[in-house]
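Here's the structure, in structure tokens; my notes come after.
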Amino acid sequence: MQPNLQPEKARLNVQISSELKSKLYQLSVFQGKKVSTLVRESIEEKLEQINKKIFEEKMRCAYQELAQENLKISEDFKYVDTENL
């Protein structure tokens, strides 16, 4: 028996404005894609953007903490640097 290679799909009902629905249908015709495909791709893209922002914010905080730690270490050794002069 062959394993199912497609990811499990779930149905989601979302209410949108008539104007947005019209734009989606126009875009689906223009791109030759199903509306559900456009919606799925849009959600995936938005989630990637949000995850990227979260990751960048975590990295910024980590770099700031590291910078503060480096300043403290530098302060601890500032007198040691002048001992050999």
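Quick notes on this structure:
- Of ASN13, ASN70, ASN51, the one that fluctuates the most in a GNM where the chain has Cα springs shorter than 10 Å: ASN13
- FRET efficiency for GLN68 and VAL14, using Cβ-Cβ distance with R0 set to 41 Å, rounded to 0.05: 0.40
- Using 0.36 nm per residue and subtracting the Cα-Cα separation, the extra length available between TYR79 and ILE43 on full extension is 7.4 nm.
- For the chain, the number of Lys pairs with C-alpha atoms closer than 26 Å, counting only pairs eight or more positions apart or on separate chains, is 16.
- Per-residue ellipticity at 222 nm from helix content only, as computed over the chain with -39500 (n - 2.57) for each DSSP H run of at least four residues, stands at -23500 deg cm²/dmol.
- Three-way shape call for segment 22-85 based on the alpha-carbon gyration tensor, with the a/c threshold at 1.5: prolate
- If R0 is taken as 25 Å, the Cβ-Cβ distance between TYR25 and ASN51 corresponds to a FRET efficiency of 0.30.
Each reported figure results from applying straightforward, stated rules to the coordinates on display, with no laboratory input. On a predicted model such as this, the values are computed, not experimentally measured, just so you know. Using ideal geometry, Cβ is built from the backbone for each residue, glycine included, and neighbour counts are taken over all protein chains shown.
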